[in-house]
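A.B. asks: Okay, here's the structure, questions in a sec.
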Amino acid sequence: MKFGMPWLYFIRVGCRRKEKLRPLWRHYFNNTDGLIYVVDSLDRERIGKAKAEFQAIVKDPFMLNAVILVFANKQDMKGAMTPMEVCEGLGLYDLKNRKWHIQGACALKGDGLYEGLDWLASTLKEHKAAGFSSVGTSTF
């Protein structure tokens, strides 16, 4: 599903139990300047799978210059991983020479969404001014 405004498009590529579609994600990577990755902070059992998928995406050659925003969703729920726990679970600290930000969020209430998107917008503006390009050769 693709939706957005004239200057910003969101492409929803991930859904639970849609493993057959995941190999098709790479077709959306060309000309991608930013990645928004949403993690269910309550799902401790699947953080390893989320990490594997996340790492595969960010290591794709088309994504090497993309800035990364991670929403640690469901922060309003008891037992949710903190943003730092999600950060560690995804291996964000291991990313070298990458711009990334993790934002605690509650999508239903809108908490954290504007802050995360503001960071993404300002960082993309900086990247554009610095001449970064999202063009690469994908081998995903």
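A.B. asks: Take each of the peptides 32-41, 121-130, average the number of other beta-carbon atoms within 10 Å over its residues, and list them starting from the highest.
C.D. replies: Averaged packing, sorted descending, gives the order 32-41, 121-130.
A.B. asks: Over 26 Å between C-alpha atoms is what I'm after, so list which of Lys49/Lys78; Lys78/Lys99; Lys51/Lys99 land there.
C.D. replies: Lys78/Lys99
A.B. asks: A further question on this structure: Counting other Cβ atoms within 10 Å, which chymotrypsin sites (Phe, Trp or Tyr not before Pro) in the stretch 51-123 have at most 16 and lie in a DSSP loop?
C.D. replies: For chymotrypsin sites (Phe, Trp or Tyr not before Pro) across the stretch 51-123 that sit outside H, G, I, E and B with at most 16 neighbouring Cβ atoms in 10 Å, the list is empty.
A.B. asks: Please list, in chain and number order, the residues 5+ apart from Phe132 or on another chain whose amide H is under 5 Å from its amide H, with Hs placed from the backbone.
C.D. replies: Under 5 Å from the amide H of Phe132: no residue qualifies.
A.B. asks: Follow-up. Convert each backbone phi in the stretch 26-33 into a coupling constant with the Karplus relation 6.51 cos²θ - 1.76 cosθ + 1.60 (shift: θ = phi - 60°), then list the ³J(HN,Hα) values in order as whole Hz, x for Gly and Pro.
C.D. replies: Taking θ as phi minus 60°, the curve returns 4, 5, 9, 6, 4, 6, 8, 9 Hz for the stretch 26-33.
A.B. asks: Which percent, to the nearest 5, of DSSP beta bridges fully inside the stretch 32-130 are antiparallel?
C.D. replies: Taking every DSSP beta bridge within the stretch 32-130, about 10 percent pair in antiparallel fashion.
A.B. asks: Assuming 0.36 nm per residue, please report the length gained on full extension of the stretch Ala130 to Lys78 beyond their Cα-Cα distance.
C.D. replies: 14.6 nm
A.B. asks: Put a dot 7 Å past each Cα toward the Cβ at Arg44 and Leu64; how far apart are the dots in nm?
C.D. replies: 3.8 nm
A.B. asks: Taking amide hydrogens as modeled 1.01 Å from N in the peptide plane, which residues meet the under 5 Å criterion relative to Phe71, leaving out close sequence neighbours?
C.D. replies: Counting only residues 5 or more places away or on other chains, the set is Tyr37, Val38, Val39, Gln103.
A.B. asks: For Lys125, list the aspartates and glutamates whose Cα falls under 14 Å from its own Cα; do not include residues on the same chain fewer than 8 positions away.
C.D. replies: Within the straight-line limit of under 14 Å, Lys125 reaches these aspartates and glutamates: Asp33.
A.B. asks: Trypsin sites (Lys or Arg not before Pro) within the stretch 22-61: which are DSSP loop residues with at most 16 other Cβ atoms inside 10 Å?
C.D. replies: Lys59
Each reported figure results from applying straightforward, stated rules to the coordinates on display, with no laboratory input. Just so we're clear, the structure is a prediction, and the values are computed from it rather than from any experiment. For neighbour counting, all protein chains shown are included, and Cβ atoms are generated from backbone atoms with ideal geometry for every residue, glycine included.
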